[in-house]
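Chemist: Here's a structure for you.
A short reminder: the numbers here are calculations on the coordinates, not readings from a lab. Every value quoted in this text rests on a predicted model; they were computed, and no experiment measured them. Cβ atoms come from the backbone with ideal geometry, glycine included; neighbour counts cover every protein chain shown.
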Amino acid sequence: MLDDSPIIKTATRAGHLQTDRARRMIRTPRPTRELAQSPLFQQHAEGLPVDERIRLSYQRAKAIGRAYALTPHDLITLSPKFWQLHTDPIWSMDGAAGTLVTLQYNCCAGTLAMFASERSDLAEVLQDVLEFKVSGQFCLTEVGHGLDAIHLETTATLLPNGDFELHTPHERAAKYMPPTAPVGMPCVAIVFARTVVDGEDRGVKPFVVRLHDGTTMAPGIVSKVLPQRGGSRPVNHSLTYFHRVRLPRGALLGSPDMPADARAAFFHSISRVAVGTIAIGSLGVPALQVSSFIAARYSLRRTVVDAENRRRPVMAFRTQKIPILTAVAQAAVMDAFQAWAVGLFVDQRVEVRVRYAIAAILKVVMIQHAQAMHLTLGDRCGAQGLFEVNQLAGMHADMRGTAIAEGDLLALSIRLATELLLQRYSVPAAADPASLLARHEAGMFAELREMMSGMPHHRSSEFDRAVLPECADLVQAIGHRMAYDAAVAAGVETDMVDLYVASCLKLDPAWYVENAGVARRKQKAMESAAVDAVFPRLEELLARMDVEPYVSAPMVSDDKWGRYVAGLTAFGGPGAEMDPVNGDGTGDHSACDSDCPKLAELRPPRSISDRVSSVAGSVQRWFAFGWPMLAVGVSLVYTAFKYRRGRIDG
């Protein structure tokens, strides 16, 4: 279950060193800090046509890529710069650009880099991808094959002249999701296909394929643009078909020979997916940082009138403090957890299954916390939180895609939990077995193993019914404990760690009542005490995250709100020029505490023609609606009178 071997202990210490390096790296200026403040990222694109928004996201992705200037060495060694890219808050400003960036560098360029050291002919295309001269895509999954991509059906058949014929045999073999439609930039893709040589299936292998020149698809290749996902920043996700497309022999990455272990060879060829699991899981760190910053700033700015007719910021209420401070604490703990997990993931001394397990655990916990907080914080911002322009709703929708990309959370959890329950390998043991989160993890393992003891095997209907629904909770419990250990080792403040622990207890309160003797009121008291300890340092904690340059949400300040409202389309006369700060009900009303303008004073004077039109409109509405309603009313009164008179006469 839990591994405390010398190698794991050494790797764990290395993970803590990686944590220190990562924390120092984050304190240095991010390569995108000035870029985030540029017009390219500060413009509000929500009202643009979808095609324009997609092109804008490509421009932003290119700018992000060039700001980082990753090299093949960065991709192969998974350098600190690679991980900094995947914890950059600029992702919160445009999730579509973030999607394009990780596809470009991790999936496409990362796969090319695996083979480029032995293939000088790949150097040019790899450099084009790194410099974002072309769009780089990764075509693995199909309509009919996602998690079981090892059974994909696209074929690449070796022809007598040495070329390959790439073919989509039927509809369910269409490549699903990669954005392959032309948007003005040439596109090259890593396409995975079942390789057939002399009629023999040699397994799934990667091919490098040029899809289009930016405007026209290559002969035999068809891209059908899918409709947009609900709520997320738009990407040109597509279905991609290959109709007997001829490829030169050099398009194959690797050997055409039959591998000794086809399954192992397949997973090696898609190893950038495992890197992507922990890389895009790391996005939970900036997601929590930016969302908590936005909600905090809004809650300090937004005011309500109390019983004594004084304006108070809504942050004064416990219902705002708890979720916002919890998100701040989770951001700090996840920051430490991410750095620790990366340290283990890149350590080649650790068994590959354990490294992949760490990636899965990190992604599950990161997305769990970030998604829950996006919804909660969005709700705490009221109607403002619903609008994409204020970032929270857009981040939540984008993160839904992240939860599925590079390994669906539930599928990752089922596979990992099953392997751990069957003791096929172990993950690092708890640094503090007596901690509440470690006891919860151990308790869940014991409970599930006891249930399994009476089952014939893990593929039985009993296992499906009783254990599978618990797998996600088990992986989350492991991740919560690991995050706690990482935060303590990294020196995260005790009150922040306590608040994180309290947030985890709320996810399974009954277990702590039943097994740890922590009553419900005690659990609430733990959270309350932590909130009281953290709140006085809120400004310090917000400043420490250093994400303000990446916040474009208008609702966080009067200045941003005023500039945003000034740019909105206005209808009507002078009333459209009302002060957006003190006239919209959301600005700083401190000056209004003693003498707020009455609503009538905000209305422009009305001309005689306006008044005549108003009277005429009232008369028209009376004949349209008032007269029929009066007739119905009279009819009802008359009917009631007749009924009552009949009862009396009777």
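Chemist: Would you work out which of Phe132, Leu75, Ile90 lies farthest towards the positive end of the dipole of segment 31-269, given +1 charges on the beta-carbon of Lys and Arg and -1 on that of Asp and Glu, about the Cα centre?
Modeler: Farthest along the dipole direction, towards plus: Ile90.
Chemist: Sort segment 27-105 into rounded, prolate or oblate with this rule: let a ≥ b ≥ c be the square roots of the eigenvalues of the Cα gyration tensor; rounded if a/c is under 1.5, and if a/c is not under 1.5, prolate when a/b is larger than b/c, oblate otherwise. Intermediate values should be presented prior to the final figure.
Modeler: Details: a/c = 2.59, a/b = 1.67, b/c = 1.55.
Cα axes put segment 27-105 in the prolate bin.
Chemist: Which ordering of His237, His170 is given by a fewest-first count of other beta-carbon atoms within 10 Å? List each step's numbers first, then the result.
Modeler: Values: His237 20, His170 10.
Least crowded to most crowded, the residues run His170, His237.
Chemist: Something else: Could you check the simple spin-label distance between Ala529 and His268, using points 7 Å along Cα→Cβ, in nm with one decimal?
Modeler: About 5.4 nm, to one decimal.
Chemist: I've got another one for you. What does the net charge come to around Pro256 if you take all other residues with beta carbon closer than 11 Å to its beta carbon, with K and R at +1 and D and E at -1? Spell out each step's value before the answer.
Modeler: On the way: positive: Arg202, Lys205, Arg249; negative: Asp198, Glu200, Asp257.
That works out to 0.
Chemist: Greater than 19 Å separation of Cα atoms is the criterion. Which listed pairs, Lys81/Lys175; Lys133/Lys175; Lys321/Lys524; Lys81/Lys205, meet it? Don't skip to the end; give the middle numbers.
Modeler: On the way: Lys81/Lys175 31 Å; Lys133/Lys175 23 Å; Lys321/Lys524 14 Å; Lys81/Lys205 29 Å.
Violating the 19 Å limit, Cα to Cα: Lys81/Lys175; Lys133/Lys175; Lys81/Lys205.
Chemist: Under a point spin-label approximation (7 Å from Cα along Cα-to-Cβ), what is the Thr215-Ser120 distance to one decimal in nm?
Modeler: With each label point 7 Å from Cα toward Cβ, the separation is 3.6 nm.
Chemist: In which sequence would Lys62, Lys224, Lys560, Lys524 go, from the one with the fewest C-beta neighbours within 10 Å to the one with the most? Write down the numbers at each step before the final one.
Modeler: Numbers: Lys62 20, Lys224 11, Lys560 17, Lys524 14.
Going from sparsest to densest Cβ surroundings: Lys224, Lys524, Lys560, Lys62.
Chemist: Then there's this: Can you order the peptides 138-150, 542-554, 292-304, 97-109 by their average number of other Cβ atoms within 10 Å per residue, highest first? Please list the in-between numbers first.
Modeler: Details: 138-150: 18.5, 542-554: 20.2, 292-304: 23.4, 97-109: 25.8.
In decreasing order of mean packing, 138-150, 542-554, 292-304, 97-109 become 97-109, 292-304, 542-554, 138-150.
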